[in-house]
Amino acid sequence: MRTTVVVAEDDPLTRMDIVEILKEANYEIIGEASDGIEAITLCKNKKPDIVLLDIKMPLMTGLDVSKILKEDKVEVCTILLTAYNIEKYIELANRNHVMGYLLKPIAENYFLSHLKLIYKNYTKMKKLKIEVNKNKNQLENRKIIGKAKGIVMDSKGITEEEAYRELRTLSMEKRITMRKLCDSIVYAGEYE
């Protein structure tokens, strides 16, 4: 499957050049925007893998767009394109989870190699984030199950293993997950 891209650049000639470079490199262009509002709409509707944002656009800057995409939890590799190598912009980009900051004018080889590297690092980071959340949920589940087992053990005077078996059996009988059952027990603070 090809990597999908939205290109947001207010200068039509620059945008056309970027689109052509990307198409020749086998990227799929799924949207073009000439201002920040169009860029946000395209990202929310089309869900691209990458969005290339010019910093200076009408109606809303690329930095504003990146901030809104972050706040709205739009999963996209955001890369800023700019002729301005200004520290303030870089700092704001970093706060808004921008993955890359590429300078214009675009040199094709430089642009493509950096784009590939930025997107590869983004996908690695995204996988790590998923793994961290998965591990966090598993740890939280274990904590809740452990608390619920303790409540069952105290109320029935049984061993940890017996309490776990009882919870597992009740979970199957009630056709709810162990987590939901244990949340209820911990919330109530008792087990009868």
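Do any residues in segment 1-18 that are closer than 14 Å to residue 80 by Cβ and open to solvent by less than 20 Å² (accessible area, probe 1.4 Å) have Cβ atoms under 7 Å from those of residues that are of a type in the set (A, V, I, L, M) and assigned to a loop (DSSP other than H, G, I, E, B), where the two are at least six apart or on different chains, and which pairs are they?
Listed by first residue and then by second, the contacts come to 8/57; 18/106.
Could you tell me whether any residue of segment 105-128 is open to solvent by 40 Å² or more (accessible area, probe 1.4 Å), touching a Phe, Trp or Tyr at 6+ places or on another chain (Cβ under 9 Å), without any contact (Cβ under 8 Å) to a residue 40 or more places away in the chain and not in a helix (DSSP H, G or I)?
Within segment 105-128, not a single residue is open to solvent by 40 Å² or more (accessible area, probe 1.4 Å), touching a Phe, Trp or Tyr at 6+ places or on another chain (Cβ under 9 Å), without any contact (Cβ under 8 Å) to a residue 40 or more places away in the chain and not in a helix (DSSP H, G or I).
Output the residues belonging to segment 71-95 that are of a type in the set (S, T, N, Q) and closer than 14 Å to residue 122 by Cα. Spell out the reasoning first.
Our first condition is that a residue be of a type in the set (S, T, N, Q); within segment 71-95, this holds for 78, 82, 85, 94.
Residues satisfying the conditions are 78, 94.
Which condition number does residue 176 fail, the rest of (1) out of contact with any Ser or Thr (no Cβ under 6 Å at 6 or more places or on another chain); (2) within 19 Å of residue 138 (Cβ to Cβ); (3) in a helix (DSSP H, G or I) being met?
(3)
Here's a check for you: in segment 27-44, which residue that is among the β-branched types (Val, Ile, Thr) and within 16 Å of residue 80 (Cα to Cα) is most open to solvent (accessible area, probe 1.4 Å)?
Of everything passing the filter in segment 27-44, 37 is most open to solvent (accessible area, probe 1.4 Å).
Output yes when any residue across segment 181-191 is of a type in the set (Phe, Trp, Tyr) and surrounded by fewer than 13 Cβ atoms within 10 Å (Cβ to Cβ), and no when none is.
The answer is yes; a qualifying residue exists.
The values are calculated or read from the model by the stated rules, or taken from the named source; none is laboratory data. In this text the structure is predicted, and so the values were computed from the model without any measurement. Cβ sites come from the backbone with ideal geometry, for glycine too, and all protein chains shown count toward neighbours. Remember, those area values only see protein heavy atoms, side chains included, never the ligands or the DNA or RNA. Shrake-Rupley method; radii C 1.70, N 1.55, O 1.52, S 1.80 Å.
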